[in-house]
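Since every read-out is calculated from the coordinates, none of them should be taken as a lab result. Source: prediction; values computed, not measured. No Cβ is skipped: glycine too gets one built from the backbone with ideal geometry, and neighbour counts run over all protein chains shown.
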Ligand code: SF4
């Protein structure tokens, strides 16, 4: 028995799925995962996890894992040694840089990778190649939220902590299917709603579980959230219901802001949103009368042409009602991937270095140039969206992409695939031969979170350590080692031996992480940025004012952008999002038998009205077509959607992949795809 016990070990890790950032012990024997054991000390989740954190780990040992580098030869891949793969990458990068300049190369970091890996990827792009063409997948989800917060309050992260939401008197959830996308966080909200009389308002197109529980559920027309938010804000100001004391002490720009609100009358808002004036007044009164309000929002807000503006409108409303800088209040953009927050925090952005310091700022550039001994270009680089366009236009020649299946998750994927075909050199680093990797010239086998050390930052800005549970499978390697090795083949001379060396360097350069160290993050210890040099962290932002020179926040005037029209024949509005059981395109969760047996395929949710009008039944096979492509999927009749609103979950990478339908329209301020502004026509197909 003693022998057997010796072989069993327990290691602390952080979940690889969503941005809640649950941490837990993993019990293993060899490569076998015996159980996932959440601990009371875990700061975000305590003893809870959801189905994905508990059972979603089979992908680590699946035969689908890549275990050797692959090099393309004609239409097929052949296995190669690391040496051969590295040499090929170094020589192609050098050749393309010499021929076309550094700006012809592009880099995409992953929100599934660690902070240290994001830091290294941007350092490779900027410091070794000499381009700011570096981005990450928050461009597909949360960049508009970050933009809205930068404009108004100056820090692009949740303003409080997850457990702090429990102290709120009123929680407003906008465009977030929280129960399925952030399950453990949703449980906390549900509990305080039930036990502590917390009020809950939900705004969504779809009557999901949170909506069922809400005290008030509103269904504004698709893409019209900015209008009701602004009308409610105007009403609060007009009727003297605002927090004038807070506004006077802590906020700038009230006059211009109020002037711009003029057009958002109740009458106008009713016409645009479909919400009655009574409902709008009720919202205004409930919000202004609540002592503490926090707003949770997600992709239903951000993935629109005006995603940044709507995020800004949320923050404006919170400022007008004095809901920043204390317990139980503030803004909570809910980050999707486990490290979507950290990928941007650590500089994988075309216009920002780590800590969100601007590339355009000469002092910031000089700091990094001195530390790295390189020259950083002054011009911001291309974002993901511009990279794809750049390939089509012919000035982008190479891409190094790690840990993102962009060929499925980007919008208008037919257009994206056509771009990949044109790339002169494409390196994809991932766990599996993904849809995207199939276009690559070199595929590098990476290791998942269980096979490496590092840190992740969850949605509440909490930095947590993960420890290595298993050895890398086959010849796969942690991403940070691969990036380091490639940089060194290009002559960088990087000497990192462990991710802690990388964090030490980042902490010296990036003010938000000044006091972050692996010692301070030992075990279940964690830190929420900004972290001062002495290790003091910040569970609640803005207690001592806002990070602007005069310490005041700014009200930022915004206007409504009408959603994209696809044309009259495309009469069905296609909403999309997640399911509880699967994560995104399902690359990892489809490997788990426990999960797949529950939810084997995707389906199209349709309303009883639409079913009746078109003669559709549960299981009817239909084709949805947009101007960009079409999908085939089976129907499921449900009361969660109404009228011509349908819902297509995003966990399919085949014939029902949502991004065969989506367009290349994007948020005008950040280029985040307007995924949620998608329409299609529907026809019934005969089963073959
Ligand atoms: Fe993982 Fe999110 Fe589930 Fe927690 S709630 S176990 S972080 S997927």
Where does each of 123, 99, 644 land when they are ranked from fewest to most other beta-carbon atoms within 10 angstrom? 99, 644, 123
List the residues of region 642-656 whose backbone N lies under 13 Å from a point placed 7 Å from the Cα of residue 613 along the Cα-to-Cβ direction. 642-646
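Can you give me the convex hull volume of the Cα atoms of region 143-334, divided per residue and expressed in Å³? Show your work: numbers first, answer last.
Working: hull volume 20.0 nm³, N = 192.
That works out to 104 Å³ per residue.
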Taking the Cβ of each residue in 305, 406 as the centre, tally the other Cβ atoms inside 10 Å and list the residues starting with the fewest. 305, 406
For Cα pairs less than 8 Å apart in space and 6+ apart in sequence, what is the mean separation divided by the residue count of the chain, i.e. the relative contact order in percent? 20 percent
Let me make sure I get this right: for the chain, a, b and c are the square roots of the gyration tensor eigenvalues over alpha carbons, sorted descending. Under 1.5 in a/c it's rounded, otherwise prolate if a/b > b/c, else oblate. Which is it? rounded
Between region 1-62 and region 462-501, what's the alpha-carbon centroid distance in Å? 22 Å
Full extension between residue 39 and residue 268 adds, at 0.36 nm per residue less the Cα distance, a length in nm of 77.3 nm
By how many nm would the segment from residue 291 to residue 471 grow when fully extended, if each residue of separation counts as 0.36 nm and the alpha-carbon distance is taken off? 59.7 nm
Given 418-426, 552-560, the highest-first ranking by average Cβ count within 10 Å works out to 552-560, 418-426
Which whole-number percent gives the relative contact order of region 351-480, counting Cα pairs below 8 Å spaced six or more residues apart? 15 percent
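Starting with the highest mean, order 564-571, 174-181 by the number of other Cβ atoms within 10 Å, averaged over the residues of each peptide.
Result, highest mean first: 174-181, 564-571.
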Neighbour counts of other C-beta atoms within 10 Å: give me 268, 86 arranged from fewest to most. 268, 86
Once the convex hull of the C-alpha atoms of region 2-61 is built, how many Å³ does it hold per residue, rounded to a whole number? 75 Å³
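Per residue and in Å³, how big is the convex hull formed by the alpha-carbon atoms of region 43-187?
On the way: hull volume 28.9 nm³, N = 145.
About 200 Å³ per residue, rounded to a whole number.
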Region 2-61: relative contact order as a whole-number percent, Cα under 8 Å and 6+ apart: 26 percent
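Suppose only helical runs count, i.e. DSSP H with n ≥ 4. What mean residue ellipticity at 222 nm does that imply for the chain under -39500 (n - 2.57) per run, divided by all residues and rounded to the nearest 500 deg cm²/dmol? Intermediate results must be reported in sequence, preceding the final value.
Details: 24 runs with 215 residues, N = 688.
Rounded to the nearest 500, the figure is -9000 deg cm²/dmol.
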Spin-label model distance (nm) - residue 488 vs residue 375, 7 Å beyond Cα toward Cβ: 2.8 nm
